[in-house]
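**Student:** The structure is given below, and queries will be raised subsequently.
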Amino acid sequence: MIVGSGAGGGMTANILAKAGLNIAIIEAGPYFDPADPEQRTQLRWPWESPRRGASTLRSFGDFHAGLSGWQIPGEPYDTVGDTKFDWWRTRVLGGRTNHWGRISLRFGPDDFHRKDIDGLGENWPIGYDDMKPYYDRLDKMVGVFGTNEGLANDPDGYFLPPPKPRLHELMAVKGATKAGIPMIPGRLSMVTKRINKDRGVCFYCGQCSRACSVYADFSAGTVLIFPAMKNAKEGKGGQVDLYVNSMAREVITDGTGKATAVSYISKDDRREYQIKGKVIVLAASACETSRLLMNSQAPGQTNGLGNGSGTLGRYLHDSTGAGTSAFIPSLMNRDRYNEDGVGGMHIYAPWWGKGRKLDFPRGYHLEVYGGMGMPSYGFGGGHKAIQKMMGYKAGGYGNPLMKDVRAHYGAVVGFAGRGEAVALYDNYCEVDPGKVDEWGIPTLRFHYKWSDHERLQAKHMHESIREILTGMGGQLFDPDIPTYENDHGLLSPGAIIHEVGTARMHDDPKQGVTNRHSALHEVPNVYLTDASVFTSQADKNPTWTIMALAMRAADHIISERKKMNI
Ligand SMILES: Cc1cc2nc3c(=O)[nH]c(=O)nc-3n(C[C@H](O)[C@H](O)[C@H](O)COP(=O)(O)OP(=O)(O)OC[C@H]3O[C@@H](n4cnc5c(N)ncnc54)[C@H](O)[C@@H]3O)c2cc1C
Ligand code: SF4
C-alpha cells in the first residue's frame, strides 16, 4: 500500500512492482498523462490560453503542469503568529515531478554529517557510501545529464551529454570567472540520448514545466508508474492497482500496533474506504506524510503514529532562496534564432566556498536564468521595469512599443541562490486543533522562523550574484541588497518548495521518527519514502536524494518480506 505517486511514491512503486510484489497506490489527484492530447499543455501556442498562458487557475501559469499550487480550494492550512510559510501542493498523478525544475543533484559526503563539521543540527545515521550505489542506479535508470568534475562534495555520477551553454550562459560563465566562482554544466534529468524504448529523446522545446509528451524529462508518472503498470500487464512484475482522486485519511493499526490498512476518502463519491496492506508506505510529501501520521493512532500511540520521540512534525526546513537579475545592454537587439534548450539551466555554480572564512555555516549553489525562450505573457520581470531602467517613458503602444520589446527581449539575466538551512526543533508543523478540510481530515498549521545562519547566507548570495551580473556588464534592477530587517531578501520558508524533515531519520528512537531504513521505529511495517525522513537538507535540491532513499527503502522492504519480518 503506497500513499502518493510523486518522486518518492513513484520510485517505491516501481521497485516493488518490478520485484513482483502486488501493490496499490492511493493518489489524491486525478490521472495525468502528458501524451494525452486532452491533457497536454506542451507545445500549445500562447493564444490557446485566454491570457496568453498567464495564471488563471494554476499558480505558475495556465500551461504549467502543476494543478493546484499555493492554495487548494477546500484544503486550507494555516500559520501561527508571525510565521510566513508557503506550502506548495500538487494533487495529480506524479505529484510535483510533472513540473519540477529537474535539477538532479546528489548530496555529497559532507552533507550527511554536517554536525561533525560545524556543530549545528544533527548528522544523518547513514553516509554517502550507503547512498552511492542508489544514486548510481538512479542515474542509469532515470537519466541525468551533466559532467564528471571530480568535485569532492558534488560527486561524479553516470551522466548523459549536457546541452551546450547558450549565449547568456556563456556570458554568465565569464562574469562568474571574474568573480572567482566556477560554473559547470547543469545536472538535470532530461534525457539527451535514448536510454530505453519507452521514452523519447529531448528535442529542446524548453517547456519541461508543462511535462513532456515524449517522456524525455523525468516525471514519476511517465517514467516510473506507467512502466510498472505496463510490466504488470505483460506479466513481468507484480500487479499495480491505482486509486486516483483518493485522499488518504489515516493509517489503520491492529491491537498489537501493527499497521494493517489505509483509509481514504474517494473524491468521486465522498465516501470512506480502506485498503489493506502488509506493508504501508507513506510518500505523500514531507508535511502531508506527517499529517497522516499525526491523524493516525495505535494502542499506546495517541500522540500520532510512530511519535514516541515527540519529534513528528519537527525539524521542518526548506532550502534558502534569494536572488536578483540585471539588464545586459550587450544582449540588446540580438538576431532572432532558436535557443530554447531544455526547460532549465544548462550551467550552474555548485557551492565553491568550502574552507573560506564566512559568517554563516552552510553553503548554497547558484542557478542562472535568461535567454530568448518562447515569449508568453510578459518577460524579463516586466517590460516597464526595463523601460524605467533605460530612462524611457514606461508603457506605450503600437510600433514604438514593438520596437522596444524586440530590442530588449532576451537581455535580462538573473541568478537564484539555493542554500542549506539549519534544521531546528522549533520549526515545525502540527495539526490545527478543531480544523478540518473539505474531506473532514484535520489540517496543518506551521511554525517557522529563519535564523541568522540563513539571513547571512542570503546576504552572501546577493553579494556573489551582484558581482557576477556587474562583471557581465549588467545593470542591476535592485542595486541595494535588502536589509537585515528584511531578512536580506530571503524568500519565505516553503517558497523554494524543497520542504524536508518532520519525521527525521535517527538511530536513536528518542530523537527521530524513522530508522536508517526509513521505517517507523515503533511500527516497523510502515515506511516513509519522501523528504519527511531527511535529517538535514544540503546545498542541493532534494529530489534526487528522495528517490535514492526511496529505492533504498524499497530494497529493504523486499529483503524484510523475504525474511518474513514484515
Ligand atoms: C516548480 C517546482 C520546481 C521544483 N524544482 C526542483 C528541482 O529542480 N530539483 C529538485 O530536486 N526539486 C525540485 N522541486 C521539488 C520537488 O518537486 C519535490 O522535492 C518532489 O516532487 C517531492 O517528491 P514527493 O514524492 O515527496 O512529493 P510530491 O511530488 O509532491 O508527490 C506527493 C503526491 O502525494 C499525493 N498526496 C498528498 N497527500 C495525499 C493524501 N493524503 N492521500 C493521497 N495522496 C496524497 C499528492 O497528490 C502528490 O501526487 C520543485 C518543485 C516545484 C513545485
Ligand atoms: S525540453 Fe526536452 S525534455 Fe523538456 S519538454 Fe521539451 S522535449 Fe521534453
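**Student:** SER213 passes all but one of (1) under 25 Å from MET551 (Cβ atoms); (2) within 23 Å of the chain's Cα centre (by Cα); which number fails?
**Tutor:** It is condition (1) that SER213 fails.
**Student:** Just checking, does the range 183-195 include any residue being among the aliphatic types (A, V, I, L, M) and either part of a helix (DSSP H, G or I) or near ligand 2 (Cβ under 8 Å from one of its atoms) (or both)?
**Tutor:** Scanning the range 183-195, I find at least one residue that is among the aliphatic types (A, V, I, L, M) and either part of a helix (DSSP H, G or I) or near ligand 2 (Cβ under 8 Å from one of its atoms) (or both), so the answer is yes.
**Student:** Can you give me the number of residues within the range 196-240 that are touching a residue at least 40 places away in the same chain (Cβ under 8 Å), among the aliphatic types (A, V, I, L, M) and under 18 Å from PHE145 (Cα atoms)?
**Tutor:** So the count comes out to 4.
**Student:** List pairs: first in the range 367-379 and more than 16 Å from ILE328 (Cα to Cα) and at pLDDT 90 or above, second assigned to a loop (DSSP other than H, G, I, E, B) and not aromatic (Phe, Trp, Tyr), Cβ under 7 Å, 6+ apart or cross-chain?
**Tutor:** Within 7 Å, the pairs are GLU367/MET345.
**Student:** Looking at the range 303-349, which of the residues that are of a type in the set (Phe, Trp, Tyr) and out of contact with any Asp or Glu (no Cβ under 7 Å at 6 or more places or on another chain) is nearest to ligand 1 (Cβ to nearest atom)?
**Tutor:** Among those residues, the one meeting the criterion is TYR315.
**Student:** Six or more apart or on different chains, Cβ atoms under 6 Å: show the pairs whose first residue is in the range 338-351 and within 28 Å of ASP111 (Cα to Cα) and whose second is of a type in the set (Gly, Ala, Ser) and within 16 Å of ligand 2 (Cβ to nearest atom).
**Tutor:** Within 6 Å, the pairs are GLY343/GLY206; GLY343/SER209; GLY344/GLY101; MET345/GLY186; HIS346/GLY186; ILE347/GLY186; TYR348/GLY186.
**Student:** Kindly provide the set of residues from the range 21-48 that are over 22 Å from SER246 (Cβ atoms), surrounded by fewer than 19 Cβ atoms within 10 Å (Cβ to Cβ) and touching a Ser or Thr at 6+ places or on another chain (Cβ under 8 Å), ordered by number.
**Tutor:** Taking the range 21-48 first, the residues over 22 Å from SER246 (Cβ atoms) are 35, 37, 40-48.
Now narrow it down to the ones that are surrounded by fewer than 19 Cβ atoms within 10 Å (Cβ to Cβ): 35, 37, 40, 43-48.
Those that are over 22 Å from SER246 (Cβ atoms), surrounded by fewer than 19 Cβ atoms within 10 Å (Cβ to Cβ) and touching a Ser or Thr at 6+ places or on another chain (Cβ under 8 Å): ALA35, ARG40, LEU43, PRO46.
**Student:** Give the residue, chosen from LEU93, LEU105, LEU43, that is more than 15 Å from ligand 1 (Cβ to nearest atom) and of a type in the set (A, V, I, L, M, F, W, C).
**Tutor:** Numbers: LEU93 fails: more than 15 Å from ligand 1 (Cβ to nearest atom); LEU105 fails: more than 15 Å from ligand 1 (Cβ to nearest atom).
Selected residue: LEU43, the only one of LEU93, LEU105, LEU43 that is more than 15 Å from ligand 1 (Cβ to nearest atom) and of a type in the set (A, V, I, L, M, F, W, C).
**Student:** Right, something else. What number of residues within the range 216-258 are of a type in the set (A, V, I, L, M), touching a strand residue (DSSP E or B) at 6+ places or on another chain (Cβ under 8 Å) and crowded, with 21+ Cβ neighbours inside 10 Å?
**Tutor:** Taking the range 216-258 first, the residues of a type in the set (A, V, I, L, M) are 216, 220, 223-225, 228-229, 232, 240, 242, 244, 247-248, 251-252.
From what's left, touching a strand residue (DSSP E or B) at 6+ places or on another chain (Cβ under 8 Å): 216, 225, 228-229, 232, 240, 242, 247-248, 251-252.
From what is left, the residues that are crowded, with 21+ Cβ neighbours inside 10 Å are 216, 225, 228, 240, 247-248, 251.
Number of matching residues: 7.
**Student:** Which residues, taken from the range 502-539, are part of a loop (DSSP other than H, G, I, E, B), out of contact with any His (no Cβ under 7 Å at 6 or more places or on another chain) and within 13 Å of ligand 1 (Cβ to nearest atom)?
**Tutor:** THR502, ALA503, SER518, THR529, ASP530, PHE534, ALA538 - these are the residues of the range 502-539 that are part of a loop (DSSP other than H, G, I, E, B), out of contact with any His (no Cβ under 7 Å at 6 or more places or on another chain) and within 13 Å of ligand 1 (Cβ to nearest atom).
**Student:** If you take the residues of the range 137-167 that are in contact with a Lys or Arg (Cβ under 9 Å, 6 or more places away or on another chain) and assigned to a helix (DSSP H, G or I), which of them is surrounded by the most Cβ atoms within 10 Å (Cβ to Cβ)?
**Tutor:** LEU138
**Student:** Hey, does the range 284-304 have a residue that's touching a helix residue (DSSP H, G or I) at 6+ places or on another chain (Cβ under 8 Å), assigned to a strand (DSSP E or B), closer than 23 Å to ASN22 by Cα and of a type outside the set (Lys, Arg)?
**Tutor:** Within the range 284-304 (the criterion being touching a helix residue (DSSP H, G or I) at 6+ places or on another chain (Cβ under 8 Å), assigned to a strand (DSSP E or B), closer than 23 Å to ASN22 by Cα and of a type outside the set (Lys, Arg)), the answer is no, since none of the residues qualifies.
**Student:** Tell me whether the range 197-213 contains one or more residues that are among the basic types (Lys, Arg), within 13 Å of ligand 1 (Cβ to nearest atom) and not in a loop (DSSP other than H, G, I, E, B).
**Tutor:** yes
The values are calculated or read from the model by the stated rules, or taken from the named source; none is laboratory data. Please read all numbers here as calculations on a predicted model, not as lab measurements. Don't worry about glycine lacking a Cβ; one is built from the backbone with ideal geometry, like all the others, and counts go over all protein chains shown.
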